[in-house]
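Q: The structure's right below; bear with me while I get my questions together.
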Amino acid sequence: MEHLSGRGNAMDGAGNMEIRYAARSVAGPVRTSNEDAAYAGDRLLAVADGVRGPGGDRASAAAVQALRSLETARLPAGDLLGALAEAVGAAQRALRDVAASTPAGEAVTTLTAMLWSGSQLALVHIGDTRAYLLRDGGLFQITHDHTWVQSLVDEGRLSPEEAASHPRRSLLVRALTGAGGAEPDLSLHEAMVGDRYLLCSDGLSTVVPTAAVRDALSGGGDPEQVVEELIRLAYAADAPDNVAAVVADVVPAAR
């Protein structure tokens, strides 16, 4: 997918904040197709990772495309989560169309997306794509993986270290499909000037240590430079997968 970057006043009603952003998705040196999709705009950030196989690339692209209408939609005041939930419903319907054209009749993708208004952001998440927040030097994962090994960690049957190297760590227990049924997580967050957000696919998070991600995000580069550095780190670590990353900074509005 093309490299997207820019700066826009997504903080409607706040007046003193805006975001700078960059997004990139690459197939990498191993895969012959790219099932990852990444998007960044003035109001919307999104990453999706289609399950590999027929239609995986179209599934992720369709999910992200369905959300892009939120960039220009007139959103009801105080209803960011409702607008995002409706857009996810549209994404599920788009996946149904993709599934109808695949030999197996399936279209499956993960999805992590943020929608901005004022100082608030609505977050939708399903699967093992992730969202992180860098604030005051600390890096926080603000999504919860919907994977089989994460469920074992939650139950105390695996340690996080064991989960990170488990051969079935990519097995999803929840994902977005045309059949519906699996509900995504929806949450509302308050943004602050100085925040830096990262959305990424598991092609990055499974091979680059958290400390290295934090160091890259904490550096002095702009979002476009940081996206490039994160992708470089992934493939320096011999990432066997596609990689998608979106970085967005909350900054004071230009005068």
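The values are calculated or read from the model by the stated rules, or taken from the named source; none is laboratory data. Keep in mind the model is a prediction, meaning the values are calculated, not measured. All Cβ positions, even for glycine, are placed from backbone atoms using ideal geometry, and neighbour counts span all protein chains on display.
Q: So for the stretch 71-89 (the condition being among the hydroxyl-bearing types (Ser, Thr, Tyr) and farther than 21 Å from CYS200 by Cα), does at least one residue qualify?
A: yes
Q: Go through the stretch 145-176 residue by residue and tally those that are among the hydrophobic types (A, V, I, L, M, F, W, C), more than 21 Å from ALA59 (Cβ to Cβ) and modelled with pLDDT of 80 or more.
A: Qualifying residue count, the stretch 145-176: 4.
Q: So if I check each of ALA99, ALA83, ALA61, ALA94, which one is part of a helix (DSSP H, G or I), touching an Asp or Glu at 6+ places or on another chain (Cβ under 7 Å) and either surrounded by 23 or more Cβ atoms within 10 Å (Cβ to Cβ) or of a type outside the set (Val, Ile, Thr) (or both)?
A: After ruling out the rest, the residue left standing is ALA99.
Q: Quick one: would you say SER205 is of a type in the set (Ser, Thr, Tyr), touching a Lys or Arg at 6+ places or on another chain (Cβ under 9 Å), touching a residue at least 60 places away in the same chain (Cβ under 8 Å) and over 27 Å from ARG52 (Cα atoms)?
A: Here the answer is no, as SER205 does not meet what is asked.
Q: Does VAL250 meet the test of being in contact with a Gly (Cβ under 8 Å, 6 or more places away or on another chain) and in contact (Cβ under 8 Å) with a residue 60 or more places away in the chain?
A: Yes; evaluated as a whole, the condition is true for this residue.
Q: Another one. THR72 passes all but one of (1) over 16 Å from ALA191 (Cβ atoms); (2) in contact with a strand residue (DSSP E or B) (Cβ under 7 Å, 6 or more places away or on another chain); which number fails?
A: The failed condition is (2).
Q: Could you pull out every one of the strands (runs of 3 or more DSSP E) wholly within the stretch 169-255 that has 3 or more residues that are buried (at least 22 other Cβ atoms within 10 Å of the Cβ)?
A: Answer list for the stretch 169-255: 196-200, 243-252.
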